[in-house]
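Structure record follows, encoded as structure tokens.
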Amino acid sequence: MSERKGCLRRDRGIKDFNELIDNLELIDILMIGRIFTWCNALDGDRWSRIDRFLLDHKWLEKFSFKQLGLPRSISYHCPILLMEDERDWGPRPFKFINAWRLHPNFKSEVRKSWDNSQVSSWASYRFMKKLGNLRAHLKRWNSEVFGNIDEQLKQAEAEHHDWDIKAEGRNLLEHKVKRRREVRKLVWDLNKKKECLWHQKFRLTWPTNGDKNTRFFHILASNRQRKNLLDSVKENGVIYDQLDVMKQAVVR
């Protein structure tokens with residue numbers, strides 16, 4: 001609906017087109033520079049985003065694309081340009097996975113890393129180095145302790161299924177009933193972690209459609225991250241799009 005202004009909107013056609021994109025597992029890349037690609041040239045009161053690139057997710061695994069809307073001159077349509085963004089933004093910012101908070105030892109690991117990072121310098125530098133050390137510590141902790149949620153969930157569900165089959169055929173002993181309850185709780189906890197993880201990566205779409213194709217939604221999550229790209233900075237009416245100049249403008 002947001003891609004049409006002053007035009008008749010056919011809800012069924014919009015819904016059918018969105019379903020087509022989802023069924024073909026294509027990615028609709030955000031357009032930078034303008035919102036619409038078509039305008040009725042005489043009055044200029046009807047706008048629509050008609051032109052677009054729809055990409056297979058495999059392309060986005062190898063390239064970092066951005067889609068630009070260019071000036072339309074006297075045409076009804078504006079040209080669109082698909083290009084690879086090869087700019088190096090430097091060190092990545094500190095990122096935090098909300099699902100980590102569900103682990104009972106997470107807070108103690110953060111505190112241990114923070115307290116053990118002894119850095120002598122001015123405050124901002126100490127803070128930066130502590131975040132860097134915390135990132136490295138959490139990366140190791142995520143690999144060694146928190147682990148691969150999908151693989152853990154797969155193993156837990158398999159064990160839970162085995163206990164179900166045994167319980168169907170005979171009464172279980174007390175210690176086996178206890179183990180079955182532990183595995184069922186583990187499956188529940190892992191599902192909660194997985195939902196929290198993908199909810200953060202792809203907002204509300206994952207709980208609704210996440211069971212279709214994990215790899216596809218991982219690509220969509222990466223695409224959403226690209227939508228947050230700071231492509232240019234406008235300062236006192238002047239637009240800067242070069243990395244070094246943009247960084248200086250942000251600092252000012």
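No lab work stands behind these numbers, since they all come straight from the coordinates. None of the values given here were measured: they were computed from a predicted structure. Ideal geometry is used to build each Cβ from the backbone, glycine not excepted, and the neighbour counts take in all protein chains shown.
Charge tally around D11: other residues with Cβ under 15 Å, Lys/Arg +1 each, Asp/Glu -1 each, net +2. Residue separation of M1 and I239 scaled by 0.36 nm, minus their Cα-Cα distance, works out to 82.7 nm of gained length. From the cross-link list K62/K129; K5/K58; K66/K95; K129/K154; K95/K247; K130/K247, which pairs have alpha carbons spaced over 26 Å apart? Those over the limit are K62/K129; K5/K58; K129/K154.
If R0 is taken as 35 Å, the Cβ-Cβ distance between Q155 and L82 corresponds to a FRET efficiency of 0.25. Shape class of the chain from the Cα gyration tensor (axes a ≥ b ≥ c, square roots of the eigenvalues): oblate, since a/c reaches 1.5 or more and a/b does not exceed b/c. Potential lengthening of the chain between W59 and D231 amounts to 59.8 nm, from the contour at 0.36 nm per residue minus the alpha-carbon distance.
Computed from the C-beta positions of N98 and S75 and an R0 of 51 Å, the FRET efficiency is 0.65 to the nearest 0.05. Kindly identify the stretch 57-177 as rounded, prolate or oblate by the Cα gyration tensor criterion: order the square roots of the eigenvalues as a ≥ b ≥ c, call it rounded if a/c is under 1.5, otherwise compare a/b with b/c, prolate if a/b is larger, else oblate. Taking the square roots of the gyration eigenvalues as a ≥ b ≥ c, the stretch 57-177 is oblate. Can you classify the stretch 4-86 as rounded, prolate or oblate using the Cα gyration tensor, where a ≥ b ≥ c are the square roots of its eigenvalues, rounded means a/c under 1.5, and otherwise it's prolate if a/b beats b/c and oblate if not? It is oblate, given that a/c is not under 1.5 and a/b is not larger than b/c. Give me the distance between the Cα centres of the stretch 76-112 and the stretch 9-66, rounded to whole Å. About 24 Å separates the Cα centre of the stretch 76-112 from the one of the stretch 9-66.
Among the chymotrypsin sites (Phe, Trp or Tyr not before Pro) within the stretch 22-123, those in coil by DSSP and having at most 14 neighbouring Cβ atoms inside 10 Å are F63, Y76, W89, F94, F96, W122. When the GluC sites (Glu not before Pro) in the stretch 8-103 are filtered for DSSP coil states and for at most 16 other beta-carbon atoms within 10 Å of their beta-carbon, the remaining sites are E25, E86. Taking label points 7 Å from Cα along the Cα-to-Cβ direction, A123 and K166 give a separation of 5.9 nm. If you plug the beta carbon distance of R46 and N105 into 1/(1 + (r/R0)^6) with R0 = 41 Å, you get a FRET efficiency near 0.10. Taking the fewest neighbouring Cβ atoms within 10 Å as the starting point, the ordered list for E151, E195 is E151, E195.
Report summary: the helix-based calculation at 222 nm, which adds -39500 (n - 2.57) for every DSSP H run with n ≥ 4 and divides by the residues of the chain, gives -16500 deg cm²/dmol.
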